[in-house]
Amino acid sequence: MTVQGAEATTKDGMMKSLKYEGIDLDKVNECYRYTLDYLNKVDRKVELDINNSIWIRQESKIKKDFIDINKDVFNAYVTELDFSKANAVDKINKWISDSTSKKITKVVEPPIPQNTAMYLINAIYFKGDWAEHFDLMQTKDSYFTNIKGEKKLVPMMNKTDKYNYAQTNEYRAIELPYGAGNISMYCILPEQGNVNDFIDQFDSDKWNEIKSKLSIGSNIILSIPRFKIKYEPNEIVEKLSELGMGEAFSRNADLTGIGDEVWISDVKHKAVIDVNE
């Protein structure tokens, strides 16, 4: 959404980071329109809400073309807000909470800095019932080996059923479908070493290889922890800069398609994953 207002080398760096190098932005936008429309209809048996918003400080001179393209492509909710008011943060966080069914309730912290011209916020909420539920009575405390190699007793969901499954000397993988089966969770268990070592080698080729090896197997015995994870990484600006878009975070940024003297001051991310029967 931000790249819609980027120009020159700032735009080039952002497009490179997004893996859109050499692709016309109009073509990228066309793909986003199609993808968002597709995801909105992909499976009527699951909830998948993708919401985008732009919150503009009153009297900030944000260009109309930038607002219009984000409304058109990303169906962005756009509003002006008096950032000096005590309730401004509450209004933004309420939108986030409503958009994530209260899974994430607070991202923006008061007070809003005086030089902040806008917040651009994306929220995704997914809730899927398994195509075949786990039997709550089959959930038992069992040992699970964590990232440190420690064995911990955790509630393990258990099921024996027909699944898309693959096993090699490197990993075991299984596809767990939701709803009508158009969306799935994929679980991959490395056979050796630390899971992060496996992730370090993970790319689109490995992902496509794993999916190509999946085939229907009957009487697959599955045990998976019931778990909830909250994730809020730091140093996102540094990581995005390493990917090539560092200029966007400096006063040298050319975001003149948004407004004059605009740059990205910070990027925040928060995620919650809750997996149960």
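The values are calculated or read from the model by the stated rules, or taken from the named source; none is laboratory data. Just so we're clear, the structure is a prediction, and the values are computed from it rather than from any experiment. No Cβ is skipped: glycine too gets one built from the backbone with ideal geometry, and neighbour counts run over all protein chains shown. For accessibility, only protein heavy atoms count, side chains too; no ligands or nucleic acids. Shrake-Rupley method; radii C 1.70, N 1.55, O 1.52, S 1.80 Å.
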Worksheet item: Out of Phe83, Phe134, Phe66, which single residue is closer than 30 Å to Glu175 by Cα and either part of a helix (DSSP H, G or I) or of a type outside the set (S, T, N, Q) (or both)?
Response: Phe134
Worksheet item: In this structure, is Lys63 open to solvent by 70 Å² or more (accessible area, probe 1.4 Å), among the basic types (Lys, Arg) and farther than 20 Å from Glu261 by Cβ?
Response: no
Worksheet item: If a residue has to be in a strand (DSSP E or B) and surrounded by 13 or more Cβ atoms within 10 Å (Cβ to Cβ) to count, how many in the range 202-235 make the cut?
Response: 7
Practice prompt. Might you check whether a residue that is open to solvent by 40 Å² or more (accessible area, probe 1.4 Å) and farther than 30 Å from Lys71 by Cβ occurs anywhere in the range 103-111?
Written response: no
Worksheet item: Which one of these is among the charged types (D, E, K, R), more than 29 Å from Leu136 (Cβ to Cβ) and modelled with pLDDT of 95 or more: Glu175, Glu209, Glu191?
Response: Glu209
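Among the residues of the range 179-199, is any acidic (Asp, Glu) and under 13 Å from Leu222 (Cβ atoms)? Steps first, please.
Of the residues in the range 179-199, the ones acidic (Asp, Glu) are 191, 197.
Filter again for under 13 Å from Leu222 (Cβ atoms), leaving none.
No, the range 179-199 contains no residue that is acidic (Asp, Glu) and under 13 Å from Leu222 (Cβ atoms).
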Worksheet item: Out of (1) surrounded by fewer than 17 Cβ atoms within 10 Å (Cβ to Cβ); (2) part of a loop (DSSP other than H, G, I, E, B), the odd one out for Glu238 is which?
Response: (2)
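Take Asp266 and decide whether it is loosely packed, with under 14 Cβ neighbours inside 10 Å and either more than 21 Å from Tyr163 (Cβ to Cβ) or basic (Lys, Arg) (or both).
Working: loosely packed, with under 14 Cβ neighbours inside 10 Å: yes; either more than 21 Å from Tyr163 (Cβ to Cβ) or basic (Lys, Arg) (or both): yes.
The answer is yes for Asp266.
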